[in-house]
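Read through the structure below, which is laid out as C-alpha cells, and then see the notes.
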Amino acid sequence: MVEINDRLEISVVDQTFRFMPKEPPTFDQALTLPGARKAGEEVTITRTDPWATLVFEKTGGIVVFGISRSEVAKLTVRESLLRLGLPEDGISMEKGPMVMKFTTGRAVISSVATNRISEVKSIDSLGAVEISATRFGGVILIFPSGKGFAIGMRSKRIGELAIRTYLEILEQEGALA
C-alpha cells in the first residue's frame, strides 16, 4: 500500500488579504491609479506584475487577492499608496480565506466516496466530488484524477490538515485507487 503523503503535493494558489491604511485613499483618489475601474461603490485594479486584484472599499480598506504571500500583497498596497502620495506606514492587515491546490498521485473513485462518506457529494457539472470540510472551515473538491482544491481555509496548516484528513478517510473507505 502506498502511503498518502508519499505522492501528495499541496500549494497555496490564492489568499485574500484586507489592509487598512492609516490614511485611506478616497474613492476619487483610487480612481486616478493606473487601470482603476469604478465598480459600484468600490474601485478595482487588476495588476499583471505581480498578478493581483486590488479592491478599494468605501470603508477605506484595500482587499487584495490573487497573491498567496502577505509580503507581496502588502508591497502592492504600499505601491498604490505611494503613487497617491499617502503614507505607507501603519498599515494593518487581516488574512482571509485561501485557495489551495493539491494532487494526490492517486485516482479517486467518486461513486465509492459518495456512497460511503456522508460529507461527500458528487458535483456532476464539474465532474468532481465535494467534501464539506466544515470542521476545518472550508470545502475540498477532488477530481477523479486525484487533483483537487481546498477552498475557504483560513491558514495553510489547517488546509493541509483538512486535505490529509479526508484523503486518509478516502483511503480507509477504499475510494483511492
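The values are calculated or read from the model by the stated rules, or taken from the named source; none is laboratory data. Fair warning: this is a prediction, and the values are worked out from it, not measured in the lab. Positions of Cβ are generated from backbone atoms using ideal geometry, with glycine treated the same way; all protein chains shown enter the neighbour counts. Protein only, heavy atoms only, side chains kept; ligands, DNA and RNA dropped before computing areas. Shrake-Rupley method; radii C 1.70, N 1.55, O 1.52, S 1.80 Å.
Quick look at the values:
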| read-out | value |
| --- | --- |
| Anchor residue 121: lysines whose Cα lies under 20 Å away (excluding residues fewer than 8 positions away in-chain) | 101, 147 |
| Straight-distance crosslink candidates among lysines, where the alpha carbon sits under 22 Å from residue 95 and sequence neighbours closer than 8 are dropped | 22, 58, 74, 156 |
| Cβ-placed point charges (K, R +1; D, E -1), dipole of the range 1-96 about Cα centre in debye, nearest 20 | 240 debye |
| Charged-residue dipole, Cβ positions (Lys, Arg, Asp, Glu), the chain about Cα centre, Debye nearest 20 | 40 debye |
| Peptides ranked, highest mean first, by Cβ atoms within 10 Å: ranges 164-170, 87-93 | 164-170, 87-93 |
| Expected 222 nm ellipticity per residue - DSSP helices of 4 or more, -39500 (n - 2.57), all of the chain, to 500 | -7500 deg cm²/dmol |
| Listed candidates (1) 1.11; (2) 0.94; (3) 0.97 - label of the one calculated as Rg/Rh (Cα atoms, Kirkwood Rh) | (1) |
| Sites residue 86 and residue 156 - FRET efficiency at Förster radius 35 Å, r taken between beta-carbons, to 0.05 | 0.65 |
| Carbon and sulfur %, accessible surface of the range 41-115 computed with the full protein complex present, 1.4 Å | 51 percent |
